[in-house]
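First comes the structure, then the notes that go with it.
The values are calculated or read from the model by the stated rules, or taken from the named source; none is laboratory data. It should be emphasised that the depicted structure is a prediction, and the values quoted were computed from it without experimental measurement. Positions of Cβ are backbone-derived with ideal geometry, glycine not excepted, and every protein chain shown enters the neighbour counts.
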Ligand SMILES: C[S@@+](CC[C@H](N)C(=O)[O-])C[C@H]1O[C@@H](n2cnc3c(N)ncnc32)[C@H](O)[C@@H]1O
């Protein structure tokens, strides 16, 4: 059964060739292996595992360090170690998202049901920067990066900020946003259809730049360069927030949607390289066990 971009396999069956099999667990990917704790928890094997008489191998955050000789998995520590062809890395991702339904479930790879929890956690994290005090940000203008159909713009940003800009590489998502956002969509200033690797936020313009579940689509070099441009795009006292998946250790490639997942140390290092200072960091609570840890980083 296909739900969004997820492939669910019938209980108890041995998996057929599926591009999801053996991929890391996260919004966007179900970990379809035989490990006992997983949501799907199904005994699934990749064709090559079957040929070699192996069980499926779990690459979820809990199990990615359990090495299986000969399969996939020594994580790198930089995207240059795991991204072989940069042009292909970007074009494959673009193609992947073109085929994803323009729905909340599509944005979250079949994990639409965690959207409320995610948004509540984000509101709480952001709240500390809305209160009186030295870290307080303005509420005039926000930018939603990798905004998709505007799941975050609609329920987190538009209720707080006077105007919100959205940027995403997938034109159909931005087109959908125009109806998805309803009346409040009138307060979207610009719908920028652009890859973040090429996007230049207007200097000195935004009180908040929100970047969620998209940094994995940028190489280290492009992420650092983009964060530098974001820094220049901030108004006085403005902040950038990144919210994304994190591996337990190392950088892991997902060939299906052509993204990489970094560990917390690597993300912190790239933030520093961009000349930004971390102000707060928090792990999202109450997410399903089978997906990667999700962390928020606030910086300026
Ligand atoms: C997992 S969805 C997250 C959407 C949104 N941030 C949310 O949390 O609902 C990833 C989004 O990133 C977009 N995307 C992928 N690669 C991108 C890139 N290089 N630049 C900008 N957006 C990109 C996709 O089109 C998709 O909308």
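Examine region 189-199 for a residue that is touching a helix residue (DSSP H, G or I) at 6+ places or on another chain (Cβ under 6 Å), modelled with pLDDT of 95 or more and closer than 18 Å to residue 241 by Cβ, and state whether such a residue exists. Yes, the conditions are met somewhere in region 189-199. For the structure I just gave you, tell me whether residue 265 is closer than 29 Å to residue 234 by Cα and surrounded by fewer than 16 Cβ atoms within 10 Å (Cβ to Cβ). When the stated conditions are applied, residue 265 passes them. If you filter region 209-228 down to residues that are assigned to a loop (DSSP other than H, G, I, E, B) and within 14 Å of residue 82 (Cβ to Cβ), you find that the one that is nearest to the ligand (Cβ to nearest atom) is 218. For region 217-232, the tally of residues that are closer than 22 Å to residue 156 by Cα and crowded, with 22+ Cβ neighbours inside 10 Å stands at 2.
Tallying residues that are assigned to a helix (DSSP H, G or I) and either surrounded by 15 or more Cβ atoms within 10 Å (Cβ to Cβ) or away from the ligand (no atom under 14 Å from the Cβ) (or both) within region 81-116 yields 15.
Applying the set (1) touching a residue at least 40 places away in the same chain (Cβ under 8 Å); (2) farther than 23 Å from residue 120 by Cβ to residue 284 leaves exactly one unmet item: (2). Scanning region 255-271 for residues that are in contact with a strand residue (DSSP E or B) (Cβ under 8 Å, 6 or more places away or on another chain) and in a helix (DSSP H, G or I) returns 264, 266, 267, 268, 271.
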